[in-house]
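To keep things clear, I will list the structure first and then write my remarks on it.
Please treat every number below as a calculation from the coordinates, not as lab data. As the structure is a prediction and not an experimental result, all values here were calculated from the model. All Cβ positions, even for glycine, are placed from backbone atoms using ideal geometry, and neighbour counts span all protein chains on display.
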Amino acid sequence: MSAVTATPAPVVIRTSPTDLPSVPAWFAEVAVLAHHFARRGLLDAISQQVQLARGRAGRYAVSDFVALLLGYAVSGEPTLAAFCDRLTPFAGPFMALFGRDRQPHRATLSRFLAAVDAPCLEALRGLFAQDLGAHGFAGDHLGGLFDRQGQRLLIIDVDGTRQAARQRALAGGDVLPPCRRRLARVCAPGYLGRKRGEVVRTRTTVLQAHTQQWLGTFAGAGNGDYVAELEAACRAVTAYLQANGVPPSQALLRLDGLYGSAAALVRVQQVGLGFLVRGRTYHLLDHPVVRERLARPPDATVTHPESGVRRAVYDAGYLTEWVEPGPERKLTYRVIVTGRAAPSEPEETAVGTLRDGHVYELFLTSHPAHRLTAVDVLDLFHQRGAFEQVLSDEDAEQDPDRWCSQRPAGQEFWQVLSQWVWNTRLELGQVCSEAPLRWTCWSDGQPVAPPTMPPPTPPREEPIAEEVVALYGPLQLARAWAKANGRFAGTDFAQLEDGTLRCPAGKLLRVRERRELINGDVRLMFGAKVTDCRTCAERARCLGQHASGANPRRVSALRPLTGRYARPVQPPWKEPELPDGSPDHSAAPRDLLWCDAGGRRLRRDLVQLLRRQTVRLDWTRAAAAEEPLSGVPEQATRAARAHRRLSWATRLARNATTTRCAASQLTLFGIPPRLAGFLSLPSVPGS
């Protein structure tokens, strides 16, 4: 028998008992981001302006927790526990990048987020908006949509994303204490969408569609307060436009059907912004102007490229609607109606209303037909699918909806920092790649073909010079019939200037329904939020037999008609003027062009570049100073013992880097010279 000769292995594997953790793949990006924040002065601004007074705060300041949350957003780790475990071997150099000494424990971070209040959150949000306006994309890099008259429009998307939480069933009864849910303050029952859970939290996001930069985030428990969040979004957009020198008339808010009512759109019009929204007030189909337009041939017929569904497009012109609480609040919008044959299966009618064998959809916009045709408006709204893709990318890259705090302000504090990291990636990615802008021609510049049958009157693109409007008297709340049953009556609810009611417990009731009676009076129905009634201590006296809070309180009110008068109609939106001072409506239609920066490519190229390169970290911690040999124990003052009495400067200095901290050297390989020059980082030859 012949002997078998062992072939030497091509790879020799050796082991070592020495503990040598590998540097995390995201450490290079954290180093770049920390240096960028420090060089721009953002770390100093956060430490000086974002302040939070906490009892027994210890040695850590706000900047220590901001450093942890920024690293958590960059890392992409699934949980805070996983991030802290991965960071533990490199906690010293990580905190030194932000000018801090020790790393707070994740339990300390949780207590900080639980203590964050509204002033602290708004201070951080203000710095975020200030940095976005001062150092974000500017000039031609803002991109835009160039309409039929060659004017640039900045498309701003406003929409919400939801995060559901699972809650296990708990036993109840008189013998057991009441259960306490950890997410009771940050979540509430609401619309879950396609997510599994029992409670939900809604986050309204504001996105610049051309650069994919976040302009703000505003969250609320349950379904949130979409009207208040829309007002906050309008303020954020206005500040962004003012910082970039763009007039509000050149911005167009693209909204979904949640905001497709006059009560929401009047907030957008009051600040001078344009809007494009899917309408949900289908009673407009009964308006005489709309009915007369639907009786004539459509302006165009469009076919969906995938489903093959054909839709007829009708441009009904401008309508005016008066919004409570008075004739001063008026909304003027252009109505576009699409109609298609009703599907064979009723469940396929997911959007729209079914009438006379046709499914009708409404679209409301502020821009006239000579700038955006009816087909342009339809295409622009359907392009909102790109915003959904950005939200999907956000979930995959950073997932800001994951739970970090059991308090609303703390959860939103983390989400603002997450959006800050997103915008920083876009900015550094643009510097690193120097990619040109992308131009897309949506459609040719040929005018829309005229209808087969000429209309009896020329289409009206602008509102009439004046119209007869109704004049209503003061609001009359329901009579005090409930007083006999010991319940709160309508007269117990205070009327506010913004058209809402305040209940005796201090909660707000908004208009949920508006009906015009036969005699011309207007019946208003105010309703409270379900979450407010469920947690209210006065619900037994307010709701009576419905004291469980499943059905919120509703208050009926009447606004009587006192007369009618003629009032001139103001334009719904101030149209941009040409240099000579007058808009040009006679110019031939131009191509509809879309210009953007390709945000996904900028972000992902930067992240891949920084994570596939080697990071060399030489870290040696200096020895602590020797203790004095006098034997006298160190004595602390009462001011040092009482943490509440420490000044802001003293609190910040407790965990600042000192001479005892490490002397380190961090080498990042593969950094392009353009990015290194922008960050003012020295470049050395590779070894």
*Once Rh is set to the Kirkwood radius over Cα pairs, what Stokes-Einstein translational diffusion coefficient, in µm²/s, holds for the range 160-298 at a temperature of 10 °C and a viscosity of 1.306 mPa s?*
88
*Rg and Dmax of the range 278-374, Cα atoms only, in Å*: 14.5, 46
*Note down the nm distance, to one decimal, between modelled labels 7 Å out along Cα→Cβ at residue 516 and at residue 59.*
7.1
*Could you please report the charge total around residue 72, scoring K, R as +1 and D, E as -1 over all other residues with beta-carbon less than 14 angstrom from its beta-carbon?*
-4
*Net charge over other residues, Cβ less than 13 angstrom from the Cβ of residue 358 (K, R count +1; D, E count -1)*: +2
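Using the number of other C-beta atoms within 10 angstrom as an exposure proxy, rank 525, 95 with the fewest first. Intermediate values should be presented prior to the final figure.
Working: 525 14, 95 24.
Listed from fewest to most nearby Cβ atoms, that is 525, 95.
Which trypsin sites (Lys or Arg not before Pro) in the range 276-310 pass both tests, a DSSP loop state and at most 12 other beta-carbon atoms within 10 Å?
On the way: sites: 278, 280, 291, 293, 310; in loops: 280.
Here no trypsin sites (Lys or Arg not before Pro) fit, given the DSSP loop and packing criteria.
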_Neighbour counts of other C-beta atoms within 10 Å: give me 434, 231, 29 arranged from fewest to most._
434, 231, 29
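State, to one decimal in nm², a quarter of the convex hull surface area for the C-alpha atoms of the range 1-150, i.e. the direction-averaged projected area. Could the numbers behind the result be given before it?
Details: hull surface 78.0 nm².
Hull-based average projected area comes out at 19.5 nm².
Expected output is a single nm value to one decimal: the length gained when fully extending between residue 135 and residue 301, i.e. 0.36 nm times separation in residues minus the C-alpha distance. What is it?
Values: separation 166, 0.36 × 166 = 59.76 nm, distance 4.42 nm.
That works out to 55.3 nm of additional length.
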_Cβ-based exposure ranking for 387, 526, in which fewest neighbours within 10 Å come first_ = 387, 526
*asked:* So, R0 is 35 Å and r is the distance between the beta-carbons of residue 15 and residue 664; what FRET efficiency does that work out to, to 0.05?
replied: 0.80
